[in-house]
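What follows is one structure encoded as structure tokens, with my remarks underneath.
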Amino acid sequence: MIDLALSSRSPMQWLARRLILVAAAAALADWLFFDRRGVGLSLAFFLSACGLLAIVANPARKRRR
């Protein structure tokens, strides 16, 4: 069974991790899309990065019995 509960980390560590990931996503979007005419591969790369960031930010953990 998969346990989607928060890890044993403190709430501040949980929040700090997510804020760092959001800042990284914003920096990546700024770098990829600022002053560009066509989106093209930048959009595909950014969507892939968002998927990876979602997995990193919300890992599913297996419960031990």
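Quick look at the values:
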quantity	calculated
Identity of the residue in segment 32-49, at pLDDT 85 or above and surrounded by 11 or more Cβ atoms within 10 Å (Cβ to Cβ), that ends up nearest to Ala60 (Cα to Cα)	Ala49
Inter-residue pairs, beta-carbon under 7 Å, first over 23 Å from Ala16 (Cβ atoms) and in segment 42-59, second outside any helix (DSSP H, G or I), 6+ apart	Ser42/Arg36
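The values are calculated or read from the model by the stated rules, or taken from the named source; none is laboratory data. Predicted model only: the values in this text are computed from it and were never measured. When we count neighbours, we look across all protein chains shown, and the Cβ atoms used for this are built from the backbone with ideal geometry, even at glycine.
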